[in-house]
Amino acid sequence: MMKKLLLPLILALIGIAGGVGAGIALRPAKQPEIITNPCGETDHAEKTDAGDHAESDGHDDHEPAEEQDYVKLNNQFIVPVVKGDAVNSLVVMSLSIEIAQGQRELVYAREPKLRDALLQVMFDHANMGGFDGAFTDGNTLDVLRVALTETAQSVLGNSVNSVLIVEIARQDM
């Protein structure tokens, strides 16, 4: 009689322990907490286990000291995703460039070369499988953003702070 009661209890405890272990092992990475200060600006701070914000030395290393302009590139980018010899889907993206204030004309003057370079980065990303599956995952988009930003900086110089993905959509064929 005692064995009949003890066996289900042991199996239940093993199942619970396995579930807790799997939950801890598979939990998502920490996401930055967005804090809005009274001036309406947003700061990004890593959330610590104690719930406190990361210490700051008086200035934010992520924000540039000078004012920024945002230049929306005129047309969308259309990237085919090829599987085998056929187009499997199309990815449509709109980008904006975060650039030092007063440098808008530089972006417009070099836009054809910039679009060509950015499109090549997107083609490479598609060929590596970056637009397959959960392509809007934060880590996947961060890889693409970094590559786009480095490419924009190579074309436009150090006045580029970052490339922003304003819109992204995938249409499967």
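Any read-out appearing in this document is the output of simple, stated calculations on the displayed coordinates, not a laboratory observation. On a predicted model such as this, the values are computed, not experimentally measured, just so you know. Cβ sites come from the backbone with ideal geometry, for glycine too, and all protein chains shown count toward neighbours.
Observations on the structure shown:
- Sorting the segments 95-104, 71-80 by their mean number of nearby beta carbons within 10 angstrom, highest to lowest, gives 95-104, 71-80.
- Between the amide H of Ser89 and those of Val81, Met173, distances stay under 5 Å, these residues lying 5 or more places away or on another chain, with hydrogens modeled in the peptide plane.
- With a simple spin-label model that places each label point 7 Å from the Cα along the Cα-to-Cβ direction, the separation between Leu5 and Ala109 comes to 8.7 nm.
- Phi angles across the stretch 153-162 convert, under the Karplus curve 6.51 cos²θ - 1.76 cosθ + 1.60 with θ = phi - 60°, into 3J(HN,Hα) values of 5, 5, 8, 9, x, 6, 6, 7, 8, 6 Hz, Gly and Pro given as x.
- Calculated from backbone phi, Karplus (6.51, -1.76, 1.60) coupling profile of the stretch 89-101 in Hz, x at Gly/Pro: 7, 10, 10, 10, 10, 10, 10, 10, 10, 8, 9, 4, 4
- J(HN,Hα) series, the stretch 18-25, from Karplus relation 6.51 cos²θ - 1.76 cosθ + 1.60, nearest Hz, glycine and proline x: x, x, 5, x, 5, x, 5, 5
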